[in-house]
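The values are calculated or read from the model by the stated rules, or taken from the named source; none is laboratory data. From a predicted model like this one, the values you see are computed outputs, not experimental measurements. So basically every Cβ, Gly included, is an ideal-geometry build from the backbone, and we count neighbours across all protein chains shown. For accessibility, only protein heavy atoms count, side chains too; no ligands or nucleic acids. Shrake-Rupley method; radii C 1.70, N 1.55, O 1.52, S 1.80 Å.
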Amino acid sequence: MQSGTDTINRILVALNPAARDLEALEQAVEMAARIRGHLMALFVEDVNLFDLAELPFARELDRASGSARPLESAAVARAMRADAERVRRTLQAAAQSRQISTELKVVRGHYMAAAVEAGAGCNFVFLSDATTVAYASPRARQPSMQRRPKPIWVLFDASPASERALSVAVGLCRERGAGLMVLLPPDADLDVQRSRVQALAGAGIAVDYHRLPDPDSAAGGASVMREDCALFLVPRSAQDVADHAARFLKGLRCPLVLVS
Amino acid sequence: MTAPPPLEAKALYVSCDQSRLHFDTTTELEELDDVLGQPRALEALHFGTGISSDGFNIYALGTPGTGKFETVKQILEQQAAKRELPPDWCYVYNFKQPHKPNALQLPAGHAVKFRDDMEQLIDDLSAAIPAAFETEEYHSRIEELERQLSERRDGALGELADEAARNNIRFLHTPAGFAFAPLDEKGEVIRPDAFERLPAGEKRGIEHTVDTLQKKLQKIIHQFPIWQKETREKVKQLEQEIARYAVEHLIADIKARHGDLPEVQEYLDDVEKDIVDNVRDFRPEANPQASLLGGSSQPQGLARYKVNVLVDHGGENAAPVVYQDLPNYANLVGRVEYRAQMGMLLTDLTLIKAGDLHRSNGGYLILDAERVLVQPLAWDGLKRALRSREIRIEPLEKAFGFMSTVSLEPEPIPLEVKVVLIGERWLYYLLSYHDPEFADLFKVAADFDEHMDRDGEVETGFARLLGTIAARNRLLPLKRQAVARVIEHSARVAGDSAKLSIQLRGLSDLLHEADYWARRAERAHVTRDDVQRAIDARVFRVDRIRSHVYELIERGTLKIDTDGAKAGQINALSVIDLGDFSFGQPSRVTATARLGSGELVDIQRETELGGNVHSKGVLILSHYLASRYATNHPLSVAASLVFEQSYGLVEGDSASLAELCALLSALGQLPIEQSLAVTGSVNQLGEVQAIGSVNEKIEGYFDICKARGLTGNQAVLIPQANTRHLMLRHDVVEAAAAGKFAVYAVSSVDEAMELLTGLAAGERDKDGVFPAESVNRRVEEALISLAMRRHEFAKSEEGDEED
């Protein structure tokens, strides 16, 4: 088998400013540090918001209070710049503290299209759902208790990409002391795949197996969402990448990583 | 009248009759458990400690060194042994008003056990609570609750998003919230120009739909805090359930150990409820700063369950008898201390410190009255506590009214204590006069006498007292002769041969010093010589000034004649008191007389060097002269009296006899024997009255005479009333016995004048005439002569005026 660290060296994290959390970026930084890869952050300013802001009745409802106020292009642009600056500072700090090379690219467009285009030459593409309506609390987090680390999910279809995904997932699980959840295709031979996964994962990792309900299901992410998840690694399909990603992102509450 | 004979030597010193001391050394004597010679004070102390009514606290008054403290302590300890042990007191957390810690009363000896149990509970809780919240089950249930909330919110938003999608509208996240955007036929957000091209009705429809969706979204957002609150409540219930499970068996364990104490049971119920209600405070993540601040590993909130034992009577078997050497406000009523932490002053109930009122509660408190009064607010604090019958700890600055900082206000503790103030008499009378509350709060006066009557039985008891002091201080036992000498010395200290001084401090000091000299001489017992040496050595150490004064007299700097005879000049005797030592000093008093109109000038008074009592004595003289010698003619004399070479204040009337004799001598030109010295006061009738320090005065004159050589003519005239006070030094007594020195006791001026002049004083015959060549005749004639001259002088002046 080919060593992962020899070939995996470019990581893209596509940031959706509307999601307002930097979880995908934090995870990407961690992965880049682990595999000594180059991290590129793609900050996508959603063109839909700018279009909406031009409409005469455009209103924005405050996340915390529900009060309505006009949505203006200038305000949207200011907010985007502020978010981009936040990302830049985070990246800069990560580059210094984790000794990784980074770059930031800001584009205006549609999130998925921009991510697919920029991630063409990357080994890992971190995505978050740009369309989900998941609620992000505006309140500051209260000190939370020490919880067990969330498991890492990986879709294993026996492809070379899924083996790389598995390899990276195993490494992360070992570092975090997290469990590994392996999602198998609906038609996979469970025993055979288990053996392969075990052989690749090695000893000392708790592995749990799940099966994708339907290969054409649009709710792949949702099935993962019902369980706890820190990261979902999916081998990049040869089919249309955007559709492939959207299929797994649907309802997903953790970053999705497409692995080449 | 016949001049009195000199006093016999045995009258000058009353020796102790050793035949009444039936022992060889004091080791044969039983220790004296009772107090000697204070019947009045003892009665008052027994009464004061026996009565339990309000305000019957005790003031033990008397001069320092009379054994007030030892006696009071002894009596109180006897009474305390008969009383039940008072309860323990501790402060615990007040769950309703945290700044007012509750006082908890526990049976004697239980407070420490309870405190230790609570310490153990805190230790156990600090481990049990985090452990309970680290279980897999707890995490799963919390995550389930959070997921429920998340799904509820996302579900509501998702349904709205679906409804929007059915209306060809997209639900979008904006940087600060949400928005709805209409879509074009390609499924993208419609461009503004495309929207403008739409028919007006379609535009209004879109706007209406967006508006409707926004209102629905607002309703949903408004539900979010409610759902969050519901979830928080569920989380809290879950946490309480887990906390209760973790702590109830620990609390039950302590409750079982203190099952007989309802107050403790009640408090522990409160503790359990408080832990369950506030369990988040006790989880490690609630106090992340603890390690930075160098705090304990225990969760900070648990510290509030600590028990502060204020008073512990464990291991004691009598009610407390407490003496406070430094009775300041805080030491009396307690205080709340603070600890500095990160630049702030913090406090908690464990920093409440007991005062002596707490420690003596249920027993007795002994205080030095003067020390209480000189400490700021201590007297007020003590009175307030006694008046209110409770101990309220208040910061000093609050008591002063200076500041009103946030601090603890510990619950007052009921007070039942008997306070005994120890102080001098003047202070007692001062307080009685100036402080109305004093009489209400200290109704029992225990008056300690400085002396007791000297008789055979008392001397035996006194011997036991000496033996007890020696034994308790590990001093050498005293031989019988030594005891006798101490008894005689005590009579001398009392200034009365029929009394004994019970200045225990001085007595104890004397025994220690005698013990020192006995040990230096390698003796197994203290002998009479050791006692005498101790007395002499003590005098020697402090008599530098006396030696200096005597040296001045010896050199003639201070003029004192001890032989010859002179009119208008006499040796008076005064006493210089140096506090712990006093000595007699002869002083020359002179008088002059001339024609005048009855003025008697006291030069001391004119120069403001005479005290009021001295001036009174001199004024008496002029009236004595007038009433005795000038009843039928005007007192036509101008006389003056002065203490020669006296440059300080002269006070007292003990020289008035000498001054009168000098005056009579000057008037009658009667030479006075300078080998004699005189002391005594005199009244208008010419009777001689007692004075103080008679022994010191006699010895002072004796020392001067002895230095110049005793002639047998030298003597001191003292008032008859002072003879019982005589306890003179042995060398004086020996000189008197050998006829080399004498002491005369006189009862009238006439007796004194006879001794001083060698002439009879003379009594008026039936015609009212004094005998020829008598003192009084000479004086009267001199006064009549002056009166006649004055009359003639007045007539000649009248003639001159008529001319």
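The table for this structure:
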{"read-out": "One residue from B:E134, B:E144 being closer than 30 Å to A:K250 by Cβ and either open to solvent by 20 Å² or more (accessible area, probe 1.4 Å) or facing chain A (nearest Cβ under 10 Å) (or both)", "value": "B:E144"}
{"read-out": "Breaking point among (1) crowded, with 16+ Cβ neighbours inside 10 Å; (2) under 46 Å from the mean Cα position of the chain (by Cα), for B:E608", "value": "(1)"}
{"read-out": "Test result for B:P182, outside any helix (DSSP H, G or I), over 60 Å from the mean Cα position of the chain (by Cα) and more than 7 Å from chain A (Cβ to nearest Cβ)", "value": "yes"}
{"read-out": "First in segment B:602-622 and within 20 Å of B:Q684 (Cα to Cα), second anywhere and open to solvent by 80 Å² or more (accessible area, probe 1.4 Å) and at pLDDT 80 or above, Cβ under 6 Å, 6 or more apart", "value": "B:I620/B:Q684"}
{"read-out": "Of all residues in segment B:472-491 being touching a strand residue (DSSP E or B) at 6+ places or on another chain (Cβ under 8 Å) and closer than 22 Å to B:L726 by Cβ, the one that is surrounded by the fewest Cβ atoms within 10 Å (Cβ to Cβ)", "value": "B:I487"}
{"read-out": "Subset of segment B:436-468 [farther than 23 Å from B:A498 by Cβ and open to solvent by 20 Å² or more (accessible area, probe 1.4 Å)]", "value": "B:P436, B:E437, B:A439, B:D440, B:K443, B:A445"}
{"read-out": "Contacts under 8 angstrom Cβ, first residue in segment B:113-134 being free of Cβ contacts under 8 Å to residues at least 60 places away in the same chain, partner open to solvent by 60 Å² or more (accessible area, probe 1.4 Å) and outside any helix (DSSP H, G or I), 6 or more apart", "value": "B:E134/A:Q146"}
{"read-out": "Matching residues in segment B:147-176 - criterion: being at negative phi, touching a helix residue (DSSP H, G or I) at 6+ places or on another chain (Cβ under 9 Å) and more than 10 Å from every other protein chain (Cβ to nearest Cβ)", "value": "B:Q148, B:E163, B:N167, B:I169"}
{"read-out": "Residue check, B:K203 touching a helix residue (DSSP H, G or I) at 6+ places or on another chain (Cβ under 9 Å), touching a residue at least 60 places away in the same chain (Cβ under 8 Å) and not hydrophobic (A, V, I, L, M, F, W, C)", "value": "no"}
{"read-out": "Selection within segment B:3-42 - open to solvent by less than 20 Å² (accessible area, probe 1.4 Å), modelled with pLDDT of 90 or more, within 17 Å of B:L466 (Cβ to Cβ) and within 39 Å of the chain's Cα centre (by Cα)", "value": "B:C16, B:T25, B:T26"}
{"read-out": "Criterion (under 30 Å from B:E239 (Cα atoms) and among the basic types (K, R)) met by exactly one of B:K113, B:K100, B:K186", "value": "B:K100"}
{"read-out": "Residues located in segment B:1-52, provided they are in a helix (DSSP H, G or I) and closer than 25 Å to B:A735 by Cβ", "value": "B:A9, B:K10, B:A11, B:Q18"}
{"read-out": "Among the candidates A:R78, A:R69, A:R88, A:R59, residue that is more than 9 Å from every other protein chain (Cβ to nearest Cβ) and among the basic types (K, R)", "value": "A:R88"}
{"read-out": "Which listed residue, of A:A118, A:A77, is within 19 Å of the chain's Cα centre (by Cα), modelled with pLDDT of 90 or more and of a type in the set (A, V, I, L, M)", "value": "A:A118"}
{"read-out": "Matching residues, segment B:193-238, being more than 10 Å from chain A (Cβ to nearest Cβ) and among the polar types (S, T, N, Q)", "value": "B:T209, B:T212, B:T231, B:Q237"}
{"read-out": "Residue satisfying condition, being of a type in the set (S, T, N, Q) and within 30 Å of B:S774 (Cα to Cα), within set B:T2, B:T63", "value": "B:T2"}
{"read-out": "Hey, B:A156 touching a residue at least 40 places away in the same chain (Cβ under 8 Å) and under 60 Å from the mean Cα position of the chain (by Cα) or not", "value": "no"}
{"read-out": "Of all residues making up segment A:91-105, the number that are surrounded by 17 or more Cβ atoms within 10 Å (Cβ to Cβ) and either within 14 Å of chain B (Cβ to nearest Cβ) or within 20 Å of A:N16 (Cα to Cα) (or both)", "value": "4"}
{"read-out": "Check on B:E424, touching an Asp or Glu at 6+ places or on another chain (Cβ under 9 Å), among the charged types (D, E, K, R) and touching a residue at least 12 places away in the same chain (Cβ under 8 Å)", "value": "yes"}
{"read-out": "Qualifying positions in segment B:516-541 - of a type in the set (A, V, I, L, M), surrounded by fewer than 17 Cβ atoms within 10 Å (Cβ to Cβ) and under 16 Å from B:E699 (Cα atoms)", "value": "B:V539"}
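So that you can scan it fast, the table gives a plain yes or no per residue for (1) open to solvent by 10 Å² or more (accessible area, probe 1.4 Å); (2) not aliphatic (A, V, I, L, M):
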{"position": "B:I698", "(1), (2)": "no, no"}
{"position": "B:L717", "(1), (2)": "no, no"}
{"position": "B:A736", "(1), (2)": "yes, no"}
{"position": "B:G739", "(1), (2)": "yes, yes"}
{"position": "B:L756", "(1), (2)": "no, no"}
{"position": "B:F770", "(1), (2)": "no, yes"}
{"position": "B:H791", "(1), (2)": "yes, yes"}
